[in-house]
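Below: one structure, written as structure tokens.
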Amino acid sequence: GEVTSQLAVSTFPHLLATKVAASLPANAGSPREGHADEIVKLKEAATEAYGEIDAQAAQISGAGATATSVLRVGDRLYYINTGDSQSFLGTYVKSTKQSGVAFITAEHKPHLPEEKARIERMGGQVMMPPITPPGMKIKLSSRVLALLPNGMQLGLAMSRSIGDPEAGRLGVIPTPEITVLSVEEVRAQTAAKAGVDVADVELFAVVASDGIYDHIEPDEIATTLASALYGNTKPAGVMNTLGGDGDWSPLRACEHLIMTASERWLERMPDH
């Protein structure tokens, strides 16, 4: 899926920006009421962009990829997700230095009722997740089974993706699930829950692949990144996986998370 991933990374931002500019008014994203049409248009633009990348990828690569992205238009955040990579909205209260997760996108897994029904309706077969063997800490996934033209068996661990033409014929679709959040509303809700003023709340968006979430819980990711974004101080218990001291920057925090996920994967799957 590397070719498809690189295609999406290089193509999607400009493609979506072009579609958004063509369909939305200059005051898009205002927090005032009455913007249902604007939301519909942006959802259509994002869905079209994912579909176009899916069609391009199918022409150049036989392997697909998941896709998750976050777009801010004024007060609104659009979480756009296809597959089992995820994005979340993190919160940080400056006075208490407490971080949290206000929202996280859903994983599109084959065993989910709506996904399973679509796949089976189009002739696909869903293998339910097996029982996790004793001692194995890694999560096992349901899979879409398909026979490739070369005779190999495909076992796709997600029910939506981009650039998987063979699985696409069996109900694996590129259509994203899109959730719209209000920045002002989330800030207000977080402040009320923490008993602080709205000005004391910071929000940040996180986008990561399933390779991170399979081994690190969202709350731990939020704590690690918030410490770098707002405190420049490593949270308690975080080991230096990169060598040297250096500044605890957002980049180093991301590198630390990648290394931690890799190390935990090796611990849980020693034979690999």
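The values are calculated or read from the model by the stated rules, or taken from the named source; none is laboratory data. Remember, predicted model here, so these are calculated numbers, not experimental data. No Cβ is skipped: glycine too gets one built from the backbone with ideal geometry, and neighbour counts run over all protein chains shown. Note: accessible area is taken over every heavy atom of the protein model, side chains too, but ligands, DNA and RNA are not part of it. Shrake-Rupley method; radii C 1.70, N 1.55, O 1.52, S 1.80 Å.
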**OP:** Could you sort out which of 19/116; 97/193; 94/234; 19/109 sit more than 22 Å apart by Cα distance in this structure?
**Re:** 19/116; 19/109
Original post:
Which order do 204, 103 take when ranked by solvent-accessible area (1.4 Å probe, heavy atoms of all protein chains), largest first?
Top reply: 103, 204
**OP:** Quick one: work out Rg over Rh on the C-alpha atoms of region 190-237, Rh as Kirkwood radius.
**Re:** 1.03
Original post:
What net charge do the residues around residue 102 carry, taking every other residue with its C-beta under 11 Å from that of residue 102, with Lys and Arg at +1 and Asp and Glu at -1?
Top reply: +1
Original post:
So, in nm, how far is label residue 55 from label residue 127 when the simple model puts each one 7 Å beyond its Cα toward the Cβ?
Top reply: 3.3
Original post:
Say R0 is 35 Å: what FRET efficiency, to the nearest 0.05, do residue 199 and residue 247 get from their beta-carbon distance?
Top reply: 0.85
**OP:** Based on a Kirkwood Rh over C-alpha pairs, give the Stokes-Einstein translational diffusion coefficient of region 1-122 at 37 °C and viscosity 0.692 mPa s in µm²/s.
**Re:** 198
Original post:
residue 65: net charge of surrounding residues, Cβ under 13 Å, Lys/Arg +1, Asp/Glu -1, itself excluded?
Top reply: -4
**OP:** First measure r as the distance between the Cβ atoms of residue 39 and residue 152, then evaluate 1/(1 + (r/R0)^6) with R0 = 45 Å and state the FRET efficiency to the nearest 0.05.
**Re:** 0.60
Original post:
If you take the alpha carbon radius of gyration of region 147-231 and divide it by 2.2 N^0.38 Å, what ratio comes out, to two decimals?
Top reply: 1.64
Original post:
Expressed as cubic angstrom per residue, what is the convex hull volume of the alpha carbon set of region 83-129?
Top reply: 86
Subject >> region 86-188, accessible surface, carbon-and-sulfur percent (1.4 angstrom probe) >> reply: 57
Original post:
Most fluctuating residue of 56, 153, 189 in a GNM of the chain with Cα springs under 10 Å: which is it?
Top reply: 153
**OP:** Work out how much length residue 192 to residue 97 would gain on full extension: take 0.36 nm times their residue separation and subtract the Cα-Cα distance, in nm to one decimal.
**Re:** 32.6 nm
Subject >> Förster radius 30 Å - calculated FRET efficiency between residue 6 and residue 75, Cβ distance, rounded to 0.05 >> reply: 0.40
Original post:
What whole-number value in Å² describes the accessible area per residue of the chain for a 1.4 Å probe?
Top reply: 52
Original post:
Under a Cβ-Cβ cut-off of 13 Å, what is the net charge of the residues other than residue 45 that fall near it, where Lys and Arg count +1 and Asp and Glu count -1?
Top reply: -2
**OP:** Sort all Cα-Cα distances of the chain into consecutive 10 angstrom bins from zero, then give the percent of pairs in each bin up to the one containing the longest distance.
**Re:** 6, 24, 31, 26, 11, 1, 0
